[in-house]
């Protein structure tokens with residue numbers, strides 16, 4: 001928290017004239033979404049600056065272009081909270097709500113933020129697919145769903161791009177499909193670990209799964 005607030009005061013030179021959000025960043029999107037996206041954490045000069053997940057950074061540029069092409073967003077850019085962006089059938093969240101140093105949350109930060117994701121899963125009653133961007137989100141999501149009473153296969157599914165598992169619903173819980181994707185970080189996109197067609201395949205698959213669930 002201290003680091004998050006310090007970044008909002010010291011700022012990056014390119015954004016020196018902007019007022020940083022500098023607080024925990026909430027999820028946003030379609031309240032009737034069937035697809036819940038789980039990211040890592042707000043970027044120091046992205047969501048920590050703009051106050052909206054994946055907004056104002058390179059990862060968001062990749063994410064929203066892909067969502068727009070898949071018919072899940074009304075525009076391909078996300079620059080600030082008042083830019084007119086609307087998501088359709090998608091809600092975007094993260095495992096950690098405050099920007100962490102070096103983009104590496106501690107276990108304590110992960111655990112402190114977990115109740116917010118739990119609450120979103122409970123409130124977003126139409127969700128059928130959880131798309132996990134990166135291994136951190138994938139591990140967190142499977143652990144959380146297991147604790148909530150979902151039947152997670154053993155051994156626990158490994159992370160990999162387009163890795164998919166449908167978790168068994170028990171006790172009246174709705175079935176959920178967990179779909180993994182490489183995170184659209186600059187490290188992944190600059191090196192070609194994640195390409196635009198690869199990211200597009202994630203949303204194509206998510207659309208197929210939600211259609212089959214209807």
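The values are calculated or read from the model by the stated rules, or taken from the named source; none is laboratory data. Small disclaimer: the values here were computed from a predicted structure and weren't measured. A quick note on method: Cβ atoms are made from the backbone with ideal geometry, for glycine too, and the neighbour counts reach across all protein chains shown.
Scanning the stretch 176-188 for residues that are under 19 Å from residue 124 (Cβ atoms) and out of contact with any strand residue (DSSP E or B) (no Cβ under 6 Å at 6 or more places or on another chain) yields nothing. Restricting 125, 109 to residues that are over 22 Å from residue 211 (Cα atoms) and modelled with pLDDT under 95 narrows the list to 109. Taking strands (runs of 3 or more DSSP E) as the structural unit, those lying wholly within the stretch 114-214 and holding at least 3 residues that are in contact (Cβ under 8 Å) with a residue 40 or more places away in the chain correspond to 129-133, 176-181.
The residues in the stretch 68-113 that are surrounded by 13 or more Cβ atoms within 10 Å (Cβ to Cβ) and in a helix (DSSP H, G or I) can be counted, and the count is 8. Of the residues making up the stretch 188-214, those that are surrounded by 13 or more Cβ atoms within 10 Å (Cβ to Cβ) and more than 19 Å from the chain's Cα centre (by Cα) number 1. When residue 167 is tested against (1) modelled with pLDDT of 95 or more; (2) touching a helix residue (DSSP H, G or I) at 6+ places or on another chain (Cβ under 6 Å), just one condition goes unmet, and that condition is (1). Which residue out of 165, 129, 208 is under 15 Å from residue 33 (Cα atoms) and in contact with a strand residue (DSSP E or B) (Cβ under 9 Å, 6 or more places away or on another chain)? Testing whether each residue is under 15 Å from residue 33 (Cα atoms) and in contact with a strand residue (DSSP E or B) (Cβ under 9 Å, 6 or more places away or on another chain) leaves just 129. State whether the residues of the stretch 34-44 include one that is touching a helix residue (DSSP H, G or I) at 6+ places or on another chain (Cβ under 9 Å) and either part of a helix (DSSP H, G or I) or surrounded by fewer than 18 Cβ atoms within 10 Å (Cβ to Cβ) (or both). Within the stretch 34-44, none of the residues are touching a helix residue (DSSP H, G or I) at 6+ places or on another chain (Cβ under 9 Å) and either part of a helix (DSSP H, G or I) or surrounded by fewer than 18 Cβ atoms within 10 Å (Cβ to Cβ) (or both). Annotation: of all residues in the stretch 21-33 being under 14 Å from the mean Cα position of the chain (by Cα) and outside any strand (DSSP E or B), the one that is surrounded by the fewest Cβ atoms within 10 Å (Cβ to Cβ) is 26. Kindly provide the set of residues from the stretch 114-134 that are buried (at least 16 other Cβ atoms within 10 Å of the Cβ) and farther than 15 Å from residue 175 by Cα, ordered by number. Hits for the stretch 114-134 are 114, 116, 117, 120, 132, 133, 134.
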